[in-house]
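Peer 1: If you scroll down you'll find the structure; I have some questions about it.
The numbers here are math on the coordinates, done by the rules we state, and not lab data. Note that the coordinates shown come from a computational prediction; the quantities given were computed from them, not determined experimentally. Neighbour counts are summed over all protein chains in view; Cβ atoms, including those assigned to glycine, are modelled from backbone coordinates with ideal geometry.
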Amino acid sequence: MNIHEYQGKEIFTGFGLPVPGGTAVQTVEEAVASAKEYGLPVMVKSQVLIGGRGKAGGVKFCETIEDVKENATNILGMDIKGHTVRTVLITPAVDIDSEFYIGMLIDRNTKRIMLMASAEGGIEIEKVAKDTPELIFKQIIDPRFGLLDHEAMDMGMRLCPDDIKKARQLASAMQKLYVAFVESDASMAEINPWIFTPEGVGHAIDAKVSLDDNAMFRHPAYEALRDLEAEDPSERAAREAGLSFVKLSGNVGCLVNGAGLAMATMDLVKYYGGQPANFLDIGGSSNPEKVVNALNIILADKEVKAILFNIFGGITRCDDVANGIIAATNSMDIDVPIVVRLIGTNEEEGRALLANTDLVSAETMDEVVKKAIELAG
């Protein structure tokens, strides 16, 4: 779950990171009132769950109240890469002497948290990684000990080799960011930029945080951070229905039981020249209502031209799944072809049930994928 900058800053503040004050507002009047409260100059920063806000004109420096009025008026309602700005953050402007990038993320190769840092802060870290990867420093963190003092200080000295006071501030910030990352069950936490003022005081003036949906049961308060208006409607409907779903840009709708099988199915669709429209794991249930919910979500995408069921019956029997699919499709008005592959427990019985329907049956993964791609045109 991605959260807005002002929400990420609230989490950072709770773990002791130095964050300038700020107020999230939804109207020009509130923006003006907050600017007067903090004192000029201030920044007006659009709050959208996408990068590139500054380049799009969504971040503005304001020296006067008239600047605040004008910029808040222009930014509220602005479209930034398909995201409508409904909230802006009013925060005191800070004199910047130098900028740095600090980030925590999961390194899938080592299966551990990785600290990334660079003196090239304030710009897209992806661009730095592509053009000048030698300017990004990395530290794999042992979960038994966390980010140790000497590791953090070593990273701080890499970034500020000529200023030990700044290096110490950076080291402290990295350790606090690590704790915030772990304690909030984040999948990514970035400060870009971390800045030093001309007086040598450090601040986290931006925050980008993604929280792990799978750990949300440990953080019930975080559910209120979810921006429902910014979410894809189909992904929101899937979450509410208890389905694992990610919308993609293809035309072959995929309904699969099991995340691994779903990924393999999508890979095979790509391999044979097709384009998957989604990732959707319906789990092991043969409940027709669950299948109906899944089909409704997929059919909401008008780009879907064929639907592919790829079901492995283990404890769940294939004949039960077949009955669930038949009951679901009979209760709906579906105008795209459906191809079904059933394998596993009672697969013959399941296929016999499908033989009496308009659903297209297939025996192998290659066959079901090829048929779905053909029917999708």
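Peer 1: In a GNM of the chain with a 10 Å cut-off on Cα contacts, which of PHE145, PHE181, PHE309 has the highest mean-square fluctuation?
Peer 2: PHE145
Peer 1: Per residue, how big is the convex hull of the range 118-211 when only Cα atoms are used? Give it in Å³.
Peer 2: Values: hull volume 9.8 nm³, N = 94.
Considering the Cα atoms of the range 118-211, their hull volume per residue is 105 Å³.
Peer 1: Of all alpha-carbon pairs in the range 21-92, indicate the percentage at a distance above 22 angstrom.
Peer 2: Values: 297 of 2556 pairs.
Counting every Cα pair in the range 21-92, those more than 22 Å apart make up 12 percent.
Peer 1: Just add up the charged neighbours of ILE195: K/R +1, D/E -1, any other residue whose Cβ is under 12 Å from the Cβ of ILE195. Spell out each step's value before the answer.
Peer 2: Details: positive: LYS166; negative: ASP95, ASP97, GLU99, GLU199, ASP206.
Taking every other residue near ILE195 into account, the sum is -4.
Peer 1: Treating only the Cα positions of the range 233-376 as identical point scatterers, give the base-10 log of I(q)/I(0) from the Debye formula at each q in 0.08, 0.10, 0.11 Å⁻¹.
Peer 2: -0.17, -0.27, -0.33
Peer 1: Using alpha carbon coordinates only, what is the Rg to Rh ratio of the range 50-186, with Rh defined as the Kirkwood radius? Could you put the intermediate results ahead of the total?
Peer 2: Working: Rg = 18.0 Å, Rh = 17.3 Å.
With Rh from the inverse mean 1/r over Cα pairs, Rg/Rh is 1.04.
Peer 1: Expressed as an acute angle from 0 to 90° and rounded to the nearest 10, what is the orientation of the C-alpha long axis of helix 259-271 relative to the principal long axis of the chain?
Peer 2: Result, in degrees: 80.
Peer 1: Please arrange VAL25, VAL246, VAL252, VAL368 by counting, for each residue, the other beta carbons lying within 10 Å of its beta carbon, fewest first.
Peer 2: VAL246, VAL25, VAL368, VAL252
Peer 1: Determine the equivalent ellipsoid of the range 255-301 by diagonalising the alpha-carbon gyration tensor, then write out the semi-axes as square roots of 5 times the eigenvalues, largest first, rounded to whole Å. Provide the component values of the computation, followed by the final result.
Peer 2: Working: eigenvalues 83, 37, 7 Å².
Each semi-axis is the square root of five times an eigenvalue, giving 20, 14, 6 Å.
Peer 1: Which entries of LYS45/LYS130; LYS36/LYS69; LYS127/LYS247; LYS45/LYS208; LYS247/LYS302; LYS81/LYS208 show an alpha-carbon separation above 22 angstrom in the structure shown? Don't skip to the answer; put the middle values down first.
Peer 2: Details: LYS45/LYS130 27 Å; LYS36/LYS69 12 Å; LYS127/LYS247 26 Å; LYS45/LYS208 13 Å; LYS247/LYS302 12 Å; LYS81/LYS208 17 Å.
Pairs exceeding 22 Å: LYS45/LYS130; LYS127/LYS247.
Peer 1: Counting only Cα, what are the radius of gyration and maximum Cα-Cα distance Dmax of the chain, in Å?
Peer 2: My reading of the Cα-based Rg and Dmax gives 25.2, 79 Å.
Peer 1: Projected area of the range 199-297, taken from the Cα convex hull and averaged over every viewing direction, in nm²?
Peer 2: Details: hull surface 40.6 nm².
Mean projected area of the Cα convex hull: 10.1 nm².
Peer 1: If you split all Cα-Cα distances of the range 1-53 into 10 Å bins from zero, what percentages do you get per bin, shortest first?
Peer 2: 21, 48, 30, 1
Peer 1: Provide the net charge surrounding ALA376, with neighbours chosen by a C-beta distance below 14 Å and charges set as Lys +1, Arg +1, Asp -1, Glu -1.
Peer 2: Working: positive: LYS270, LYS302, LYS305, LYS370, LYS371; negative: ASP301, GLU303, ASP335, GLU374.
Here the count lands on +1.
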